[in-house]
Amino acid sequence: MIQPVDIKLGRYWHVLDDGRIQCDVCPRYCKLHEGQRGLCFVRARQSDQIVLTTYGRSSGFCIDPIEKKPLNHFLPGTPVLSFGTAGCNLTCKFCQNWDISKARDLDRVQDAALPEKIAEAAARSGCRSVAFTYNDPVIFLEYAVDVAQACRERGIKTVAVSAGYISPEPRIEFFRHMDAANIDLKGFSEGFYKTLCSGRLAPVLETLEYLKHETKVWFEITTLLIPGENDSPAEIEAESAWVMDRLGPDVPLHFTAFHPDWKLTDRPPTPPQTLREARQIATNAGLRYVYTGNIHDPAGQTTHCHSCGAILIGRDWYDITEWHLSADGRCTKCGTRCEGMFEANAGRWGPRRQQLRLRAFDPTLSVH
Ligand code: SF4
């Protein structure tokens, strides 16, 4: 039995004719008998309601560079307070955070973390934003929304790192509270989603189009390239053409390197050349901001002006090595705007990763 201290009533569900309760948060639409949990593990039926079992609990906090989410056009160089809970609504065999996303006991989310405390910790530690990451925030929507509201009251921005696997109605509420997002587009075929994630591609594409055309959320896309699974030039061409056609040239696209993990340990790591070729294909398709990730590739992580070609932001891993943008995000050489959220100067957080214990958080602590 779930302990009452952990329970918060969930939204987005209805009772079916046969007595089961259907959760409507994501396209899995889990149908639950009393006492059952959804596939995501954190939403459960209890006393004929859907409850969120990990409200106010976290699997840990870290201060990261914002580039690690990855977001290259959102307050570059600034620190972001990152946290997650447990569980996930996809079952990716290649999960790179499986110890959190596949957690099936609440020991993994021991840190008490009420929304106001998270916002306070972010503000006091000099973070410009809070990121819902490590596992997909869609499944703990009510908690993420409350944290986002507490953050906005303190001028802290919020970032969703998500697979975008969410139903249309909760999608509206969820993204209304976010300032930025990185959406994991895991592959560009229904077969990939079905075989490796037990999900579907179409709802993810709907989320991307929704973000572009119906919100002001700044978002970037990440595709983890897995050798032999989603890295063929034809699939990368198709993905790039879709992004160009449906979202336009200014949405940044990150191709990142896979390392063998969870249930996909028989594949080699992604060769750096595959990432560079993918970047070239997407650039040829007309996309203006295409990056490589998880490899050392300063050229593939540099932002160029799409008009004159000058370097706007140079990067070496998570270090900003060059900055040639004006306060309103224009190329200092030719004045062309670079899409994103920028300030006059880059942040100076650098590549540091710093763990933070909320329980032991000293209100006088300043780490920035
Ligand atoms: S959010 Fe969880 S319980 Fe709800 S439909 Fe998705 S996997 Fe099932």
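The values are calculated or read from the model by the stated rules, or taken from the named source; none is laboratory data. On a predicted model such as this, the values are computed, not experimentally measured, just so you know. Quick reminder, even Gly has a Cβ in these numbers, built from the backbone with ideal geometry, and neighbours come from all protein chains shown. To get the accessible areas, we keep the full protein, side chains included, count just its heavy atoms, and leave off ligands, DNA and RNA. Shrake-Rupley method; radii C 1.70, N 1.55, O 1.52, S 1.80 Å.
Confirm whether GLU322 is of a type in the set (Asp, Glu) and touching a residue at least 40 places away in the same chain (Cβ under 8 Å). It is false that GLU322 is of a type in the set (Asp, Glu) and touching a residue at least 40 places away in the same chain (Cβ under 8 Å).
Selection over the stretch 13-23 of residues that are within 7 Å of the ligand (Cβ to nearest atom) and surrounded by fewer than 20 Cβ atoms within 10 Å (Cβ to Cβ) gives a count of 0. Just one of (1) within 20 Å of ALA144 (Cβ to Cβ); (2) of a type outside the set (Ser, Thr, Tyr); (3) at pLDDT 95 or above; (4) away from the ligand (no atom under 16 Å from the Cβ) fails for CYS26. It is (4). For CYS88, are the conditions met, namely being buried (at least 18 other Cβ atoms within 10 Å of the Cβ), under 15 Å from the mean Cα position of the chain (by Cα) and modelled with pLDDT under 90? When the stated conditions are applied, CYS88 does not pass them. The residues in the stretch 189-210 that are buried (at least 23 other Cβ atoms within 10 Å of the Cβ) and farther than 18 Å from LYS263 by Cβ can be counted, and the count is 2.
Residues checked against (1) open to solvent by less than 20 Å² (accessible area, probe 1.4 Å); (2) β-branched (Val, Ile, Thr); (3) within 16 Å of the ligand (Cβ to nearest atom):
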{"site": "LEU114", "(1), (2), (3)": "no, no, no"}
{"site": "LYS117", "(1), (2), (3)": "no, no, no"}
{"site": "ALA121", "(1), (2), (3)": "yes, no, no"}
{"site": "GLY126", "(1), (2), (3)": "no, no, no"}
{"site": "VAL138", "(1), (2), (3)": "yes, yes, yes"}
{"site": "ALA144", "(1), (2), (3)": "yes, no, yes"}
{"site": "ALA148", "(1), (2), (3)": "yes, no, no"}
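A search for C-beta distances below 6 Å between a residue of the stretch 36-49 that is more than 14 Å from LEU9 (Cα to Cα) and among the small types (Gly, Ala, Ser) and any residue that is within 9 Å of the ligand (Cβ to nearest atom) and open to solvent by less than 20 Å² (accessible area, probe 1.4 Å), counting only pairs 6+ apart in sequence or on different chains, returns GLY38/CYS23.
Evaluate the following for GLN46: is it crowded, with 17+ Cβ neighbours inside 10 Å, more than 7 Å from the ligand (Cβ to nearest atom) and of a type outside the set (Ser, Thr, Tyr)? Judged against the criteria, GLN46 is a match.
Just to be sure before I move on: is GLN36 more than 8 Å from the ligand (Cβ to nearest atom) and touching a Ser or Thr at 6+ places or on another chain (Cβ under 9 Å) in the structure I sent? For GLN36, the condition - more than 8 Å from the ligand (Cβ to nearest atom) and touching a Ser or Thr at 6+ places or on another chain (Cβ under 9 Å) - is not met.
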